[in-house]
1. If you take the residues in region 29-61 that are in a strand (DSSP E or B) and at pLDDT 95 or above, which one is farthest from residue 93 (Cα to Cα)?
2. How many of the residues making up region 15-34 are open to solvent by 10 Å² or more (accessible area, probe 1.4 Å), of a type outside the set (Lys, Arg) and on the phi < 0 side of the Ramachandran plot?
3. Can you pull out every residue in region 83-107 that is open to solvent by 70 Å² or more (accessible area, probe 1.4 Å) and within 12 Å of residue 31 (Cβ to Cβ)?
4. Looking at region 39-49, which of the residues that are open to solvent by less than 40 Å² (accessible area, probe 1.4 Å) and within 16 Å of residue 103 (Cα to Cα) is farthest from the chain's Cα centre (by Cα)?
5. What residue, among those in region 63-107 that are part of a loop (DSSP other than H, G, I, E, B) and among the aliphatic types (A, V, I, L, M), is farthest from residue 36 (Cα to Cα)?
Amino acid sequence: MHEAGIARSIARALREQTLDGRRVVLHVRGGNHAPEAFDSSLLFHLQLEAPELDPAALEIVHDAAARLCVGCGREFPAARPDEPCPHCGGSSLPLLDHEQVEIELAG
């Protein structure tokens, strides 16, 4: 899975920061995997890449991404690939892009 590469990039970026006990929020957008599977794989790879990081200081938030409904053709925001269309209840087409992650350093 591509989570190993993402974890490597996150570890590199966080090593360049002074965390000093700050919480790290990882905002994830897109992807076609269940968020739970992505999260567990990402955290596993992060522990391998940066064992010095405190897993308790990490939070993963899945932000909504634009998805296209196969039933009615409308675009709708959804954080999970299995969220139904709010207009007709249909499922969404798979996204072409993998998950994208933004790092937020919180208080």
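The values are calculated or read from the model by the stated rules, or taken from the named source; none is laboratory data. Treat the numbers as computed from the prediction; the structure is a model and nothing was measured. Methodologically, a virtual Cβ is constructed for each residue, glycine included, from the backbone with ideal geometry; neighbour enumeration extends over all protein chains shown. Ligands, DNA and RNA are stripped out before the accessible areas are found, and what is left, the full protein with its side chains, is counted by its heavy atoms. Shrake-Rupley method; radii C 1.70, N 1.55, O 1.52, S 1.80 Å.
1. For region 29-61, the residue satisfying everything is 59.
2. Of the residues in region 15-34, the ones open to solvent by 10 Å² or more (accessible area, probe 1.4 Å) are 15-23, 27, 29-30, 32-34.
Filter once more, so that each one left must be of a type outside the set (Lys, Arg): 16-21, 27, 30, 32-34.
Among the residues that remain, those that are also on the phi < 0 side of the Ramachandran plot are: 16-19, 27, 32-34.
So the answer is 8.
3. 94, 96, 97, 98, 100
4. Let us first name the residues in region 39-49 that are open to solvent by less than 40 Å² (accessible area, probe 1.4 Å), namely 39, 41-42, 46.
Filter once more, keeping what is within 16 Å of residue 103 (Cα to Cα): 39, 42, 46.
Numbers: 39: 7, 42: 9, 46: 13 Å.
Restricting to residues being open to solvent by less than 40 Å² (accessible area, probe 1.4 Å) and within 16 Å of residue 103 (Cα to Cα), the top hit is 46.
5. The initial filter retains those residues of region 63-107 that are part of a loop (DSSP other than H, G, I, E, B), namely 64, 70-74, 79-91, 93-99, 107.
Still in the list and also among the aliphatic types (A, V, I, L, M): 64, 70, 79, 93, 95-96.
Working: 64: 15, 70: 24, 79: 12, 93: 20, 95: 17, 96: 20 Å.
Checked region 63-107; the qualifying residue farthest from residue 36 (Cα to Cα) is 70.
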